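The values are calculated or read from the model by the stated rules, or taken from the named source; none is laboratory data. What you are looking at is a predicted structure, and each value in this text was computed from that prediction instead of being measured. So basically every Cβ, Gly included, is an ideal-geometry build from the backbone, and we count neighbours across all protein chains shown. Surface areas here come from the heavy atoms of the whole protein model, side chains and all, with no ligands, DNA or RNA. Shrake-Rupley method; radii C 1.70, N 1.55, O 1.52, S 1.80 Å.
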Amino acid sequence: MAKHSKDRGLGERLRVPPGEPVDLSARDPRATPGGPKDKKAAPADLAAMGGRLGELQERLWAAGTAGDRRRVLLVLQGMDTSGKGGTVKHVIGLFNPSGCRIKAFKAPTPEERRHPFLWRIRQALPRAGELGIFDRSHYEDVLIARVRELAPATEIGRRYNKINNFEQALADDGVTLVKCFLHISFDEQRDRLLERLDRPDKHWKFNPGDIDERALWPAYQHAYELALERCSTPQAPWYVVPADRKWYRNWAVSRLLLEHLEALDPQYPKADFDVAECRARLLSGDRGTSEGRTPGA
């Protein structure tokens, strides 16, 4: 894996400091802070990370079966084509899917609209010992809602505090939040949209409305800057992940998860039974069965 012993951890490099103004134009979407030296080195580094991630996930799951309330929630936000779905696919490949809970949030359903905006989020939270992954999230209600004026400005303003209080309550209940903004450039988005148009096997990913949303790029960048600034807190910081290079994006999100899981350091629960006595019973029973077995059976 890439060396980080003398450097700051990746989380410290990518974290949005609480309370500081955010200028996304000052952050390079093609940068590779703390990453492998190049694209060719990334697969080996990811593979080395995979074994450690799998071990830590198993320990988290095992601890959850014994009453440990802790779990991890990865939140992925970004402009169209930033790679939320691709990140989910690559990250899940490093874990046991049975311990993961994935939710892709679309436009609210009629039922969801009848509830407060956080209601549908609560229904999808990971359970004890699980890794939850949100492809979009409660932040849509201060992003597209702001850009498209889907709610009064005063209500959107109140939602930032509601989100911070919600995330504080999650943290108090044992949820480690890893919130990643996948930061792509205007030009890179155009290239990815063109690829979807040029390849028949990607037409299903394209929506003509994406062109209309792209025309609102400055408004979306401002909405993201506000969300990152107002909702990056000590208990639930935001991380800005440069995402023009897909290999770095996948590596960085995996690395952030590894850093958080290592900080949690979940442990296998101790046996609540007499191990030696059970071992003796098992061996004694096997000997008795073997001695009573009919020759040739």
Which residue pairs have Cβ atoms closer than 6 Å, lie 6 or more positions apart in sequence or on different chains, and pair a first residue in the range 170-193 that is open to solvent by 10 Å² or more (accessible area, probe 1.4 Å) with a second residue that is aromatic (Phe, Trp, Tyr)?
PHE186/TRP217
May I ask you to list the residues in the range 21-47 that are in a helix (DSSP H, G or I) and either open to solvent by 50 Å² or more (accessible area, probe 1.4 Å) or among the aromatic types (Phe, Trp, Tyr) (or both)?
SER25, ALA26, LYS39, LYS40, PRO43, ALA44, ALA47
Kindly provide the set of residues from the range 107-156 that are open to solvent by 60 Å² or more (accessible area, probe 1.4 Å), hydrophobic (A, V, I, L, M, F, W, C) and within 19 Å of CYS231 (Cβ to Cβ), ordered by number.
TRP119, LEU150, ALA153
Please indicate, with yes or no, whether at least one residue in the range 197-211 is in contact (Cβ under 8 Å) with a residue 40 or more places away in the chain, loosely packed, with under 12 Cβ neighbours inside 10 Å and not aliphatic (A, V, I, L, M).
no
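Any chance you could count how many residues in the range 55-98 are more than 30 Å from ALA215 (Cα to Cα) and either surrounded by 19 or more Cβ atoms within 10 Å (Cβ to Cβ) or basic (Lys, Arg) (or both)? Talk me through it step by step, then tell me what you get.
Taking the range 55-98 and keeping what is more than 30 Å from ALA215 (Cα to Cα), we get 55-73, 91-98.
When the remaining residues are screened for being either surrounded by 19 or more Cβ atoms within 10 Å (Cβ to Cβ) or basic (Lys, Arg) (or both), the result is 56-57, 59-61, 63-64, 68-73, 91, 94-95.
Summing the residues that are more than 30 Å from ALA215 (Cα to Cα) and either surrounded by 19 or more Cβ atoms within 10 Å (Cβ to Cβ) or basic (Lys, Arg) (or both) in the range 55-98 gives 16.
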Looking only at the range 232-279, filter to residues that are basic (Lys, Arg) and under 14 Å from ALA31 (Cα atoms); which one of those is least open to solvent (accessible area, probe 1.4 Å)?
ARG249
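Right, LEU256: part of a helix (DSSP H, G or I), touching a strand residue (DSSP E or B) at 6+ places or on another chain (Cβ under 6 Å), closer than 14 Å to PRO21 by Cα and touching a residue at least 24 places away in the same chain (Cβ under 8 Å) or not?
Values: part of a helix (DSSP H, G or I): yes; touching a strand residue (DSSP E or B) at 6+ places or on another chain (Cβ under 6 Å): yes; closer than 14 Å to PRO21 by Cα: no; touching a residue at least 24 places away in the same chain (Cβ under 8 Å): yes.
So LEU256 does not fit the description; no.
Among the residues of the range 197-223, which ones are part of a helix (DSSP H, G or I), more than 19 Å from PRO29 (Cα to Cα) and under 25 Å from the mean Cα position of the chain (by Cα)?
From the range 197-223, those part of a helix (DSSP H, G or I) are 197-198, 200-205, 209-214, 217-223; that's our starting set.
Next, only the ones that are more than 19 Å from PRO29 (Cα to Cα) stay: 197-198, 200-205, 209-213.
Across the range 197-223, the qualifying residues are LYS202, TRP204, LYS205, ASP210, GLU213.
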